[in-house]
Amino acid sequence: MKWRELVPQDFERMVRDGAVCVVPMGSLERHGEHIPFGCDLDVAEEIAIRAAEITPAVVFPGYFLAQVHEAACFTGTVNLPQTLAIEVLAHVLDGIAANGFKKIVIANGHGGNRHFLDYFCMSQLDRPRDYVLYVIESDSAMTDDEKQTMNQLWESDELGHACELETSIYMACRPGLVRLDLAGKTPIHALHRFDHLRKIGIHNAHWWYADYPQNVLGSPYLATQEKGEAAVALMVRATARALRIITDDQEAPRLQAEFLARVQTKGQTRSSLID
């Protein structure tokens, strides 16, 4: 159920029944010339909404103010300063928890958010909170058979950003918005401009731009809505499965309570730090 479409009594019933709150997270960024800027956000939100019809959950309005600094040179990109991005997200999640949710799930649809969310989750361990945070992606609970089925959908070997896969999925989630006529008919390959650094373990913030200066990889012109529908069905099933596992999970809440108790007593007695 969508948060923004619930009336108070239905909202309160979902909270009482122990439903989780899902926060679809994406970005605003260029996906070549053929896909609208909101691709990641739209896909994350659509998959979350469909999954919540299988495993009951409340779906928060899509959230995009995370990390897309690698695309700051392109039209359509919106970023917050890094410390503000962390602070705003923490306040949003606190606001969700203040409405009674004990489990919040960020359903990430943007690859550039992964490192940001890893750090965000770890940084939240420094403060007490009355909810447990989980992070998933659409393939978080996908089985090996489902992954194999997904891989068999695609004609191209190179899959990445705004590719055949992502274009097809967006076509399924938002029919009529993709402009395949603007995608071209030539595969786009990585430029490998940082291979001399990457091969010896050197990292630099321009690693993505070095390979993909158009923010596109692969052969988007091979995309179809039919392929996208098949892929989305698999992603929805996996996401619904992940939401069920999270709904039933008792271990993360127990470990969080144990961890926070130890944080609060740290330094009072040495024995509290020794098993």
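Annotation note: of ALA210, ALA231, ALA252, the sole residue that is modelled with pLDDT of 95 or more and either crowded, with 19+ Cβ neighbours inside 10 Å or assigned to a loop (DSSP other than H, G, I, E, B) (or both) is ALA231.
Being without any contact (Cβ under 8 Å) to a residue 12 or more places away in the chain and of a type in the set (Val, Ile, Thr) holds for only one residue in ILE188, ILE200, and it is ILE200.
Reported count of residues in the range 134-164, each being in contact with a strand residue (DSSP E or B) (Cβ under 8 Å, 6 or more places away or on another chain) and hydrophobic (A, V, I, L, M, F, W, C), is 5.
Take ALA48 and tell me if it is among the aliphatic types (A, V, I, L, M) and surrounded by 21 or more Cβ atoms within 10 Å (Cβ to Cβ). Yes. The condition of being basic (Lys, Arg), more than 24 Å from ALA44 (Cβ to Cβ) and either without any contact (Cβ under 8 Å) to a residue 60 or more places away in the chain or surrounded by 14 or more Cβ atoms within 10 Å (Cβ to Cβ) (or both) holds for only one of ARG193, ARG244, that being ARG193.
Please state which of the following conditions HIS203 fails to meet, knowing it meets all the rest: (1) surrounded by 10 or more Cβ atoms within 10 Å (Cβ to Cβ); (2) not in a helix (DSSP H, G or I). Answer for HIS203: the failing condition is (1). When SER168 is tested against (1) of a type in the set (Gly, Ala, Ser); (2) part of a loop (DSSP other than H, G, I, E, B); (3) closer than 23 Å to ALA231 by Cβ, just one condition goes unmet, and that condition is (2). Take the residues in the range 160-179 that are touching a residue at least 12 places away in the same chain (Cβ under 8 Å) and surrounded by fewer than 16 Cβ atoms within 10 Å (Cβ to Cβ), then tell me which one is nearest to ASP211 (Cα to Cα). So the residue we want is ARG179.
Residues in the range 114-131 that are part of a loop (DSSP other than H, G, I, E, B) and either surrounded by 19 or more Cβ atoms within 10 Å (Cβ to Cβ) or in contact with a strand residue (DSSP E or B) (Cβ under 7 Å, 6 or more places away or on another chain) (or both): TYR131 alone. Counting only residues that are in contact with a helix residue (DSSP H, G or I) (Cβ under 9 Å, 6 or more places away or on another chain) and in a loop (DSSP other than H, G, I, E, B), the range 213-228 holds 5 of them.
Condition check ((1) within 21 Å of LEU217 (Cα to Cα); (2) crowded, with 22+ Cβ neighbours inside 10 Å; (3) out of contact with any Pro (no Cβ under 9 Å at 6 or more places or on another chain)) across all residues:
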site	(1), (2), (3)
MET1	no, no, no
ARG4	no, no, no
GLU12	no, no, yes
SER27	yes, yes, yes
ALA66	no, yes, yes
THR83	no, no, yes
ILE106	no, yes, no
GLY112	yes, no, yes
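Please pick out the residue among ASN99, ASN108 that is out of contact with any Asp or Glu (no Cβ under 8 Å at 6 or more places or on another chain), touching a residue at least 24 places away in the same chain (Cβ under 8 Å) and polar (S, T, N, Q). Result: ASN99 is the single residue among ASN99, ASN108 that is out of contact with any Asp or Glu (no Cβ under 8 Å at 6 or more places or on another chain), touching a residue at least 24 places away in the same chain (Cβ under 8 Å) and polar (S, T, N, Q).
Residue under question is VAL58, and the condition is that it be surrounded by 14 or more Cβ atoms within 10 Å (Cβ to Cβ) and under 24 Å from ASP118 (Cβ atoms); does it hold? So VAL58 fails the test.
Being among the small types (Gly, Ala, Ser) and under 18 Å from the mean Cα position of the chain (by Cα) is a property that GLY176 lacks. Residues that are surrounded by fewer than 17 Cβ atoms within 10 Å (Cβ to Cβ) and either under 20 Å from the mean Cα position of the chain (by Cα) or of a type outside the set (Asp, Glu) (or both) within the range 132-152 comprise ASP139, THR143, LYS147, GLN148, THR149, ASN151, GLN152, listed in sequence order. Looking only at the range 1-24, which residues are β-branched (Val, Ile, Thr) and touching a residue at least 60 places away in the same chain (Cβ under 8 Å)? Hits for the range 1-24 are VAL15, VAL20, VAL22, VAL23.
The values are calculated or read from the model by the stated rules, or taken from the named source; none is laboratory data. Given the structure is predicted, the values throughout are model-derived calculations rather than measurements. Cβ atoms come from the backbone with ideal geometry, glycine included; neighbour counts cover every protein chain shown.
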